[in-house]
Amino acid sequence: MKDIYILGVETSCDETSLSIVKNGNVEIATVTLSQMDTHARYGGVVPEIASRMHTENITLILEELFNKSNLTMKDIHAVAVTYAPGLLGSLLVGLEFAKTLALVYEIPLIKVHHIIGHIYANAIDSQMEFPLLALIVSGGHTELVLMEKDYEFKILGATLDDAIGEVYDKVAKVLDLPYPGGPNIEKLAQTGNASYQLPTVMKRDDLNFSYSGLKSAVINLIHNEKQRGNKINIADMACSFQMTAIDQLIRKTNQAIETYQIPRLILAGGVSANGYLREKMAELAKEKAIDLLIPPMKYCTDNGTMIAAAAYPLYLKKEFAEFSQNAKSTQNLADNSDWYLKKIIVSFKYGK
Ligand code: KG4
Ligand code: ZN
């Protein structure tokens, strides 16, 4: 079979990232422009600035990508683009850019759901084997997903309120740490001890998550200490928060492994860059004697490579998008029939 080259376009938030991927799992070239330094000045992503910066940079990035890869648009078989979820203006820049390329070069357009992109980051330079359990931990999502086969997703549990990445970012703000909060909390936590008592939430035995209670507990504790005139040890607070937040992921993942007897686990999403989480999941996988796949750091946060990788199975199935395809800012599991990840009650078990 001839080699298939897909151009992946990711602009859902504050990274403009374009990538060329061969046969769904070999990265040929990637150029990513992070807007992090700009948004850090405002303490978070400013949507209007984000879309403006995507617009200013995306064609320059394409040029650099082709300089790096020694390929041209004529070598590309399809353009894949994140269409949801994310910041609407930002998504639209990538989507219209991808549509234009597809139209001019007469190649198929493939729409990719951002979270499915994060899942397929695990396919790059590697092979995803099924059935598998995917733990998705990003700025907008916290989910346990069962994949019996390629491109088939069953939600086993999801957050009932905030996503874990969102809470990392909010707690960082309360601790006066710069944006982005996640990596800064992780760094600070390494120098602290888990000396603050925070509540263990979601003790119930389903596979859903909850993070708003933990967030409120941190905010209240800081507020009360301040009122008493006590100084907060922010390294200890970061460490206590991180331990409690990740503990919930470990407990629920452990429970899912035991319930469904699934022999392999993958991590997906920005929070999977967290060293403490990676370490704890490696311990869990060892204890349960299951395989663990975690994307290399560079594929954990947003990138065009994962979008092209996720588009490859759709290319093979000829599942192409219409040019009328719109961007969607929210695309939740429970309330959106257009989402690939359908909510299905899983009533069987693997193994044993
Ligand atoms: O997947 P992602 O890049 O964007 C979304 O799709 O949401 O994830 C971004 C989230 C942010 O909340 C960020 O703070 C968090 O991932 N994050 C981390 C780390 N690196 C990124 N959280 C904890 N530890 C990290 N090292
Ligand atoms: Zn993401």
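The values are calculated or read from the model by the stated rules, or taken from the named source; none is laboratory data. All values reported here derive from a predicted model rather than from experimental measurement. When we count neighbours, we look across all protein chains shown, and the Cβ atoms used for this are built from the backbone with ideal geometry, even at glycine. The protein model used for the area step is the full one, side chains on, heavy atoms only, and it has no ligands, DNA or RNA in it. Shrake-Rupley method; radii C 1.70, N 1.55, O 1.52, S 1.80 Å.
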* Report whether or not residue 60 is free of Cβ contacts under 8 Å to residues at least 12 places away in the same chain, open to solvent by 30 Å² or more (accessible area, probe 1.4 Å), under 18 Å from residue 8 (Cα atoms) and aliphatic (A, V, I, L, M). => yes
* **Leading residue by the ranking (farthest from ligand 1 (Cβ to nearest atom)) among those in segment 259-279 that are closer than 13 Å to residue 246 by Cβ and of a type in the set (S, T, N, Q)** => 272
* Check whether at least one residue in segment 20-36 is open to solvent by 50 Å² or more (accessible area, probe 1.4 Å), over 26 Å from residue 122 (Cβ atoms) and assigned to a helix (DSSP H, G or I), and report yes or no. => no
* Asked: Only one of 245, 256, 282 is of a type in the set (Gly, Ala, Ser), assigned to a helix (DSSP H, G or I) and more than 16 Å from ligand 1 (Cβ to nearest atom); which?
  -> 256
* To do: Check segment 186-194 and report whether any residue there is over 19 Å from residue 259 (Cβ atoms) and surrounded by 21 or more Cβ atoms within 10 Å (Cβ to Cβ).
  => yes
* **Pair list, Cβ < 9 Å and 6+ apart or interchain, from segment 305-320 residues that are of a type in the set (A, V, I, L, M) to residues that are in a loop (DSSP other than H, G, I, E, B) and open to solvent by 40 Å² or more (accessible area, probe 1.4 Å)** => 309/25; 314/320
* Structure fact -> residue 301 meets each of (1) at pLDDT below 95; (2) more than 29 Å from residue 214 (Cβ to Cβ) with one exception, condition (2)
* Can you name the number of the only condition in (1) farther than 29 Å from residue 302 by Cα; (2) within 16 Å of ligand 2 (Cβ to nearest atom) that residue 163 fails? -> (1)
* Could you check how many residues of segment 235-259 are under 23 Å from the mean Cα position of the chain (by Cα), under 24 Å from residue 146 (Cα atoms) and not acidic (Asp, Glu)? => 12
* Asked: Counting just the residues of segment 220-231 that are surrounded by 15 or more Cβ atoms within 10 Å (Cβ to Cβ) and free of Cβ contacts under 8 Å to residues at least 40 places away in the same chain, which one comes out farthest from residue 181 (Cα to Cα)?
  -> 225
* Working only within segment 289-315, note down all residues that are away from ligand 1 (no atom under 14 Å from the Cβ), out of contact with any Pro (no Cβ under 9 Å at 6 or more places or on another chain) and within 15 Å of residue 265 (Cα to Cα). => 292, 293
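Out of 269, 275, I need the residue that is surrounded by fewer than 15 Cβ atoms within 10 Å (Cβ to Cβ), closer than 22 Å to residue 115 by Cα and not basic (Lys, Arg). Which one? If you could, list the steps in order and put the result at the bottom.
Working: 269 fails: surrounded by fewer than 15 Cβ atoms within 10 Å (Cβ to Cβ).
That would be 275, the only listed residue that is surrounded by fewer than 15 Cβ atoms within 10 Å (Cβ to Cβ), closer than 22 Å to residue 115 by Cα and not basic (Lys, Arg).
Considering segment 129-157 alone, what residues qualify as being hydrophobic (A, V, I, L, M, F, W, C), away from ligand 2 (no atom under 16 Å from the Cβ) and open to solvent by less than 20 Å² (accessible area, probe 1.4 Å)? Working first, answer last.
Kept after step one, since they are hydrophobic (A, V, I, L, M, F, W, C), are these residues of segment 129-157: 130, 132-137, 144-147, 153, 155-156.
Pick out the ones that are also away from ligand 2 (no atom under 16 Å from the Cβ) and you get 130, 132-133, 144, 146-147, 153, 155-156.
Correct list: 132, 133, 144, 146, 147, 153, 155.
Is it the case, given these coordinates, that residue 82 is open to solvent by less than 10 Å² (accessible area, probe 1.4 Å), hydroxyl-bearing (Ser, Thr, Tyr) and within 16 Å of ligand 1 (Cβ to nearest atom)?
Yes, satisfied.
Going residue by residue through segment 244-261, is there one that turns out to be more than 21 Å from residue 142 (Cβ to Cβ) and either within 16 Å of ligand 2 (Cβ to nearest atom) or open to solvent by 60 Å² or more (accessible area, probe 1.4 Å) (or both)?
yes
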* Asked: Going through segment 130-143 one residue at a time, which ones are within 16 Å of ligand 1 (Cβ to nearest atom) and in a strand (DSSP E or B)?
  -> 134, 135, 136, 137, 142, 143
* Any residue at all in segment 212-219 that is open to solvent by less than 10 Å² (accessible area, probe 1.4 Å), in contact with a helix residue (DSSP H, G or I) (Cβ under 8 Å, 6 or more places away or on another chain) and either within 16 Å of ligand 1 (Cβ to nearest atom) or part of a helix (DSSP H, G or I) (or both)? -> yes
* Structure fact -> Of (1) within 16 Å of ligand 1 (Cβ to nearest atom); (2) modelled with pLDDT of 95 or more; (3) in contact with a Ser or Thr (Cβ under 7 Å, 6 or more places away or on another chain), residue 159 satisfies every one except (2)
